[in-house]
Amino acid sequence: MQWLKDLFRVEKPIIAMCHLEALPGDPSYKADKGLKWIINRARHDLRALQDCGVDAIMFSNEASVPYQTRVEPITTISMARIIGELNSEIRVPFGVNVLWDPVATIDLAVATGAAFVREVFTGVYASDFGLWDTNCGEVVRHQYRLNGGQIKLFFNIVPESAAYLGNRNVVDIARSTVFNARPDALCVSGLTAGEEINVQVLKQVKEAVPEVPVFANTGVRFSNVEEQLAVADGAVVGTAFKREGYIWNEVDPARVMEFMEKVRKFRASLRNL
């Protein structure tokens, strides 16, 4: 797992979500405010997250509900413009996630210079968005055709708002995903964004694939971060950093600062063992 340390330069990295407002083409897009307003909202969150000490940033179109498994080109184009306008201000490693389209996510990562991506790359699911199918081999070949082989792939093996078709438990899914798809990292999620993960599930996945980084992908907050990081190799955090802990609010610097201080103390305790 040397790449994890090389990229993030800390133990147990915290990847903070920079959730973008609804984009052109989305039902909730605020046409009267336009892209400039979205860029300024993203700039506020980016600065707050970086200034308060997160280890990495991941941009996603969180407000593009209801999500598509094949997004329209305007979604990726809009995200590329937003990240491009913010690029000179990004001081930490960053990744992207175009919900829920792995090909578009790879395209965006290559276009913006992202170091990593998170997506659902494997499996077939019954989801709130309809039948959700994937083709990992096709996506990875697309990545390499675009000379994006350096981009690290975080595989979400427990997709939100979806159920795996077939009688397979998460341990078997983790093992076969690692063997067949060779992910750089696995993400374990709750039912929706902000939903806490059962720490026993995290333990089962980590024990099944000890050679691969396993991230807690949802529901990590101030009250449980030590318990989650005691098992996981890192965490993706979004809702916990928002004002009043509400996903659609802006980032609250005080919440980020308090959270990251607790993370730093936890890391120090690990070094002293």
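None of the figures in this text is laboratory data; all of them are computed from the coordinates on show. The model shown is predicted, which means the values in this text are computed figures rather than measured ones. Every residue, glycine as well, gets a Cβ built from its backbone with ideal geometry; the counts of neighbours run over all protein chains shown.
With respect to Met17, determine if the residue is touching an Asp or Glu at 6+ places or on another chain (Cβ under 8 Å), in a strand (DSSP E or B) and under 26 Å from Lys262 (Cα atoms).
yes
Could you check Lys36 against (1) more than 13 Å from Ala63 (Cβ to Cβ); (2) among the charged types (D, E, K, R); (3) in a loop (DSSP other than H, G, I, E, B) and say which number it fails?
Status for Lys36: all satisfied but (3).
Collect the residues in region 188-242 that are of a type in the set (Ser, Thr, Tyr) and either free of Cβ contacts under 8 Å to residues at least 12 places away in the same chain or closer than 20 Å to Pro253 by Cα (or both), keeping them in residue-number order.
Thr218, Ser223, Thr239
On the given criteria, is Phe215 under 14 Å from the mean Cα position of the chain (by Cα) and among the aromatic types (Phe, Trp, Tyr)?
yes
For Tyr67, only one of the following conditions fails: (1) of a type in the set (Phe, Trp, Tyr); (2) in contact (Cβ under 8 Å) with a residue 60 or more places away in the chain; (3) outside any loop (DSSP other than H, G, I, E, B). What is its number?
Of the numbered conditions (1) of a type in the set (Phe, Trp, Tyr); (2) in contact (Cβ under 8 Å) with a residue 60 or more places away in the chain; (3) outside any loop (DSSP other than H, G, I, E, B), the odd one out for Tyr67 is (3).
Could you tell me which of the residues Arg168, Arg175 is over 19 Å from the mean Cα position of the chain (by Cα), charged (D, E, K, R), more than 16 Å from Ile15 (Cα to Cα) and not in a helix (DSSP H, G or I)?
Arg168
Among the residues of region 234-273, write down those that are β-branched (Val, Ile, Thr) and buried (at least 20 other Cβ atoms within 10 Å of the Cβ).
Hits for region 234-273 are Val236, Val237, Thr239, Val251, Val256, Val263.
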